[in-house]
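The values are calculated or read from the model by the stated rules, or taken from the named source; none is laboratory data. A quick note: this is a predicted structure, and the numbers were derived from the prediction, not measured. Cβ placement follows ideal geometry from the backbone for every residue including glycine, while neighbour counts extend to all protein chains displayed.
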Amino acid sequence: MKRPDWWPQSSKPAPEPGKDTPDTWEHSVEVEVPFLQKVLTNFSILPVVFGNVDPAQVAQAVADATRRQNPDRGEFGFEPLPSL
């Protein structure tokens with residue numbers, strides 16, 4: 001796991017070198033969930049953290065899995081967000 005370039009400015013203490021994990025520096029769900037709670041009235045979320053992966057392969061795997069779960073809901077298996 002490579003540390004982000006900005007890690008020295010973090011208020012969070014850094015683990016020992018080589019002890020970083022994929023979730024050591026990733027906290028975007030902490031920002032996204034309050035936004036989703038405000039904008040959407042009914043939603044589900046499944047936070048997933050990956051290490052060093054090919055983003056295109058992950059996107060395809062998620063699209064395939066959601067399409068199997070919701071075949072009537074468009075290309076990626078979910079309904080589009082409502083217009084704001």
Notebook entry, point to check: Assuming Q9 fulfils every condition listed in (1) at pLDDT below 80; (2) loosely packed, with under 10 Cβ neighbours inside 10 Å apart from one, which condition is it?
Noted result: (1)
Notebook entry, point to check: Within the bounds of region 33-40, is there any residue that is in a loop (DSSP other than H, G, I, E, B), in contact (Cβ under 8 Å) with a residue 40 or more places away in the chain and surrounded by 11 or more Cβ atoms within 10 Å (Cβ to Cβ)?
Noted result: yes
Margin query: Is it the case, given these coordinates, that P82 is assigned to a loop (DSSP other than H, G, I, E, B) and either surrounded by 10 or more Cβ atoms within 10 Å (Cβ to Cβ) or modelled with pLDDT of 80 or more (or both)?
Written below: no
Margin query: Residue under question is A65, and the condition is that it be modelled with pLDDT of 80 or more and either at positive phi or among the aliphatic types (A, V, I, L, M) (or both); does it hold?
Written below: no
Check: Given the conditions (1) over 24 Å from T66 (Cα atoms); (2) not in a loop (DSSP other than H, G, I, E, B), and given that V29 satisfies all but one, which numbered condition is not satisfied?
Finding: (1)
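Looking at region 1-13, which of its residues are assigned to a loop (DSSP other than H, G, I, E, B) and either among the acidic types (D, E) or closer than 23 Å to V53 by Cα (or both)? Outline the logic, then answer.
Just the residues of region 1-13 that are assigned to a loop (DSSP other than H, G, I, E, B), to begin with: 1-6, 10-13.
Selection gives M1, K2, R3, P4, D5, W6.
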